[in-house]
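The structure under discussion appears below in the form of C-alpha cells.
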Amino acid sequence: MWLALFIALVAGVAMAFQGSLNSALAKITGLLQATLIVHFTATLVVALLLFFPLGGSHPGRIWHCPWYLWLGGLIGVIITYGVVASIPRVGVALATTAIIVGQVTAALVIDHFGFFGLDKIPFTWWKAAGLVLLATGARLMLN
C-alpha cells in the first residue's frame with residue numbers, strides 16, 4: 001500500500017511539472033499544437049516501452065475490452081488541453097488545486113458505485129468532511 005501511495009505522490013509531482021512544461025510549450029506553439037506534441041511524444045515513449053514486457057502485458061486482449069474503456073485517450077486530450085489552458089490564467093498551484101478537487105470528487109463517485117468494474121468503496125461522512133476541507137483549502141488558495 002505504501003509503495004502505491006508513493007507512486008501516486010510521484011505522479012502528482014510529475015503532473016505539476018508536466019502542466020507547467022505543457023503550458024510553456026503552448027505559449028510558443030498554441031494550445032492544440034502543444035496538446036498534439038504532448039500526446040505524440042507520449043505515444044513514442046509507450047511504443048518504445050512495448051519492447052520491454054512490463055506488468056503482465058496482454059496485447060491480444062485489446063479487442064476484448066468494452067468500448068468505454070477506449071475513452072481514456074480522449075479524456076487524456078481533454079485533461080492535457082484543460083491543464084494547458086488553465087495554468088497560464090490562474091497559475092500552477094491554483095490550477096492543480098482545482099484539478100485535485102475535481103479528481104477527488106469524481107473518484108469518490110466512481111468508488112462508491114464501483115464504475116468500470118472496480119471494487120465498490122462506500123462513501124462515508126468522513127470522506128465528505130475531507131472533501132469539504134479540501135475544497136475549503138482550494139478556496140483559501142484563491143486569496
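The values are calculated or read from the model by the stated rules, or taken from the named source; none is laboratory data. Since this is a predicted model, take the numbers as computed values, not measurements. Ideal geometry is used to build each Cβ from the backbone, glycine not excepted, and the neighbour counts take in all protein chains shown.
Looking at ILE87, ILE75, ILE37, ILE79, just one residue is surrounded by fewer than 11 Cβ atoms within 10 Å (Cβ to Cβ), in a helix (DSSP H, G or I) and among the β-branched types (Val, Ile, Thr), and that residue is ILE75. Scanning the range 122-129 turns up no residue that is hydroxyl-bearing (Ser, Thr, Tyr) and in contact (Cβ under 8 Å) with a residue 24 or more places away in the chain.
Got at least one residue in the range 41-64 being in contact with a helix residue (DSSP H, G or I) (Cβ under 7 Å, 6 or more places away or on another chain), of a type in the set (Val, Ile, Thr) and not in a loop (DSSP other than H, G, I, E, B)?
Residues of the range 41-64 that are in contact with a helix residue (DSSP H, G or I) (Cβ under 7 Å, 6 or more places away or on another chain), as a first pass: none.
No, the range 41-64 contains no residue that is in contact with a helix residue (DSSP H, G or I) (Cβ under 7 Å, 6 or more places away or on another chain), of a type in the set (Val, Ile, Thr) and not in a loop (DSSP other than H, G, I, E, B).
Consider the range 106-135 and keep the residues that are assigned to a helix (DSSP H, G or I) and at pLDDT below 90. The one that is nearest to ALA14 (Cα to Cα) is LEU134.
Table: residues versus (1) of a type outside the set (Phe, Trp, Tyr); (2) within 27 Å of PHE116 (Cα to Cα); (3) touching a Gly at 6+ places or on another chain (Cβ under 9 Å).
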{"position": "LEU5", "(1), (2), (3)": "yes, yes, no"}
{"position": "VAL10", "(1), (2), (3)": "yes, yes, no"}
{"position": "MET15", "(1), (2), (3)": "yes, yes, no"}
{"position": "SER20", "(1), (2), (3)": "yes, no, no"}
{"position": "ALA24", "(1), (2), (3)": "yes, no, no"}
{"position": "LEU31", "(1), (2), (3)": "yes, no, no"}
{"position": "PRO66", "(1), (2), (3)": "yes, yes, yes"}
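Among residues belonging to the range 104-121 that are touching a residue at least 24 places away in the same chain (Cβ under 8 Å) and not aromatic (Phe, Trp, Tyr), point out the one that is surrounded by the most Cβ atoms within 10 Å (Cβ to Cβ).
Step one: of the range 104-121, the residues touching a residue at least 24 places away in the same chain (Cβ under 8 Å) are 104-105, 116.
Now drop any that are not not aromatic (Phe, Trp, Tyr), which leaves 104-105.
On the way: VAL104: 15, THR105: 13.
It comes out as VAL104.
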